[in-house]
Amino acid sequence: MKALNELIKKIRSCQCCADLPKESYPVLAGRLGNKIMVIGQAPGKQELKYNKPFVGPAGRRLFQWLNVVDIKEEEFRKLAYFTQMMKCYPGAGNRGDLKPKPKQISNCASYLEEEFRILRPRIVIPVGKLAIEKLLGKVKLETVVGKKFIRTVFSIKTIIIPLPHPSGASPWSFKKENQKRIVKAVKILKSFYASLKRKKGQ
C-alpha cells in the first residue's frame, strides 16, 4: 500500500504538461488488492468537480452497460482501480473535452506501468481506442469489443476486456450491432465477477 500511495503522490505532484488548465488535477480511485483495472482516456470536468472517476455523462453510460448484467456501480467501484491514459484533465475544446495529445500520454506512460506492477490486475478494462490500442495495438473496435484477450502487459499476465468510449459524442456505441458487442463484453466480465467478489469477501 505504501508503494501505491507514493505513486499516487508522485502523479499528483507531476508538472510534465505545462499547457494544462489551472484546474487540472489527476483523478484516480482504488486501493491495493483491486484486481480489476479500468483505464479511461482522461478525466473530464465532472471528474474534477467531484474528484471521482467516471461520474460525468460518459461514466453514467459505462455503468448503464454494466447494469445490463446486474453489476452495480457502488459494488463495482469497491472492486476496481480506476486510472486513465492521461492522468489530468486536458482542457475543453469546441466539442467537449480535448483529446489527450500524444506527448501528454507519453508523459503519463511510466505511471501506468507502475500502476500495473503494483496492482497486478487480473482483469483490465480499457475504455476507448486510446486505452485499447495501448494494450492491443492498432485495431478496429468491432474486431475487439465483445471478446477477451489474454496478454502479458508490463510483465503482468492479465485478461483484457475492451469497451468503447462511452461518450455520447461517439456514434459507434449507438449502432445496434455494436450494442450487441458491448453486451457480450460485459457478459464476459460478469463471468469472472463472482469469483472476484468472493476473494474480496463481499
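If you go through region 84-98 and keep only what is in a loop (DSSP other than H, G, I, E, B) and open to solvent by 30 Å² or more (accessible area, probe 1.4 Å), you end up with ASN94, ARG95, LEU98. Looking only at region 165-202, which residues are open to solvent by 50 Å² or more (accessible area, probe 1.4 Å), touching a strand residue (DSSP E or B) at 6+ places or on another chain (Cβ under 9 Å) and at pLDDT 80 or above? Once the filter is applied, which keeps residues that are open to solvent by 50 Å² or more (accessible area, probe 1.4 Å), touching a strand residue (DSSP E or B) at 6+ places or on another chain (Cβ under 9 Å) and at pLDDT 80 or above, region 165-202 yields only HIS165. For region 20-37, filtered to residues that are open to solvent by 50 Å² or more (accessible area, probe 1.4 Å) and touching a residue at least 12 places away in the same chain (Cβ under 8 Å), the residue that is nearest to LEU135 (Cα to Cα) is LYS35.
With respect to the conditions (1) closer than 17 Å to VAL27 by Cβ; (2) over 16 Å from the mean Cα position of the chain (by Cα); (3) not in a helix (DSSP H, G or I), TYR81 falls short on a single one, namely (2). Among the residues of region 99-117, those identified as more than 23 Å from TRP172 (Cβ to Cβ) and surrounded by fewer than 16 Cβ atoms within 10 Å (Cβ to Cβ) are LYS103, SER106, ALA109, SER110, GLU113, ARG117. A search for C-beta distances below 7 Å between a residue of region 50-69 that is in contact (Cβ under 8 Å) with a residue 24 or more places away in the chain and any residue that is open to solvent by less than 30 Å² (accessible area, probe 1.4 Å) and of a type in the set (Phe, Trp, Tyr), counting only pairs 6+ apart in sequence or on different chains, returns PRO53/PHE82; PHE54/PHE82; LEU62/PHE54; LEU66/PHE76. Considering each residue of region 39-47 in turn, at least one proves to be open to solvent by 80 Å² or more (accessible area, probe 1.4 Å) and assigned to a helix (DSSP H, G or I). The set of residues from region 115-159 being under 17 Å from the mean Cα position of the chain (by Cα), acidic (Asp, Glu) and farther than 21 Å from LEU7 by Cβ comprises just one member, GLU133.
The values are calculated or read from the model by the stated rules, or taken from the named source; none is laboratory data. Everything numeric here is computed off the predicted structure, so don't read it as measured data. Note: ideal-geometry Cβ built from the backbone for every residue, glycine included; neighbour counts use all protein chains shown. Heads up: the accessible areas ignore ligands, DNA and RNA and are worked out on the full protein's heavy atoms, side chains in. Shrake-Rupley method; radii C 1.70, N 1.55, O 1.52, S 1.80 Å.
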